[in-house]
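The structure appears below as structure tokens.
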Amino acid sequence: MKKIFEIIGFLSLMLFTFTYTSKISMVIKENDDLLSQIKEVSTQYKKDPINATIKDNTIVAGVSGSQIDIDESYSKMKKLNQFNSNLFVYEKVKPDISVANNYDKYIVGGIKNEVSIIFLVEENNKIDSILNILDEYEIKANFFVDGNWFENNNNKIIDLIENDYIIGSLGYNYNYDVSGINWMNTIVTKIGNQNDTYCYAEVENDKNLNICKNNKSYTIKPNIIVKNNPLITIKNNLKKGSIISLKINDEVKNQLPLIIEYINSRDYNIVNLEEFLDE
């Protein structure tokens, strides 16, 4: 019994010593001029987030802000024992209203200096020529594919995801059903390891939106839908935060380099939807 009390006493002493030492360290840290200096200037470097904008059943993606991670910044500067703003460590501040989990809204654009291109892949389309152009310009885009194309190109789907292209679903002939979307989403997320899943709309359709919402898929409604004359259409309608929809055909293939160069000339970054919607 005496042995047990000795052990308990020893552990209690260790705990007291650890707690006391921690409190002393915190007091010393809080009174450190370096920490005070970091706290004093931190508000100057804070960038407020911008909320996503919801209007009726549409949503425009917002953007995160940033603020100084005071503890991490202090740890880095303390090693040199001097203040240096180049050693600031920043943390993301998410907007209060976000695209995240708003599956019941049509995503119609963003506010960042970015553009995202969706290629619509129908049953008999070949996409290699499009991929060659995208690879040449080092651009990542999105391929929304018909269910029949999806069925016959599972390996291609996985390869695209592994190369940072985003896969979305067109359902079957632009109509969605529960079993079809479940199957496609399972392959995309469980085998391809894509984070999110996506549906597509050019006109509002409550049935399709509800099926996609119930399967936690975001529904994208591009603000530039190209039917013909792709370069001219894009020139006439392009703005930052645009989502562009292009059907794969010879006209798009031939004009795609000019489209990319035009978007680049406007100083817009062309990114996939995952990056585009990363608030």
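The values are calculated or read from the model by the stated rules, or taken from the named source; none is laboratory data. Since we're looking at a predicted model, the values are computed, not measured. Every residue, glycine among them, receives a Cβ derived from its backbone with ideal geometry; neighbour counts consider all protein chains shown. Only protein heavy atoms, including side chains, enter the accessible area calculation; ligands, DNA and RNA are left aside. Shrake-Rupley method; radii C 1.70, N 1.55, O 1.52, S 1.80 Å.
Tell me which GluC sites (Glu not before Pro) from the range 200-275 have a DSSP coil assignment and no more than 15 other beta carbons within 10 Å of their own. Loop-located and lightly packed - Glu202, Glu204.
Treating r as the C-beta distance of Lys92 and Ile54 and R0 as 22 Å, the FRET efficiency rounds to 0.55. What percentage of the solvent-accessible surface of the chain, computed with a 1.4 Å probe over protein heavy atoms, is contributed by carbon and sulfur atoms? It is 49 percent, rounded to a whole number.
Candidates Leu80, Asn269, Asn155 compared by Cα position along the dipole of the chain: farthest toward the positive end lies Leu80, with charges placed on Cβ. Of all DSSP beta bridges located in the chain, what percent are antiparallel, nearest 5? Taking every DSSP beta bridge within the chain, about 25 percent pair in antiparallel fashion. For the range 191-269, the alpha carbon positions stretch 39, 28, 26 Å along the principal axes, listed from largest to smallest. The coefficient of translational diffusion for the chain, derived via Stokes-Einstein from the alpha carbon Kirkwood radius under 4 °C and 1.567 mPa s, stands at 59 µm²/s.
Both the radius of gyration and Dmax for the range 118-253 are 14.4, 40 Å, in that order, over alpha-carbon atoms. In a DSSP loop and with at most 11 other Cβ atoms within 10 Å, the trypsin sites (Lys or Arg not before Pro) in the range 182-279 are Lys227, Lys239. When the trypsin sites (Lys or Arg not before Pro) in the range 65-135 are filtered for DSSP coil states and for at most 15 other beta-carbon atoms within 10 Å of their beta-carbon, the remaining sites are Lys126. Name all residues of the range 169-205 having a backbone nitrogen under 18 Å from the label point set 7 Å from the Cα of Glu151 along its Cα→Cβ direction, giving them as ranges. Answer for the range 169-205: 169-188. When both the range 49-103 and the range 201-260 are represented by their alpha-carbon centers, they are found 30 Å apart.
Once the cut-off is 16 Å, how many percent of the Cα-Cα pairs in the range 30-119 end up in the long-distance tail?
So the portion of pairs separated by more than 16 Å is 62 percent.
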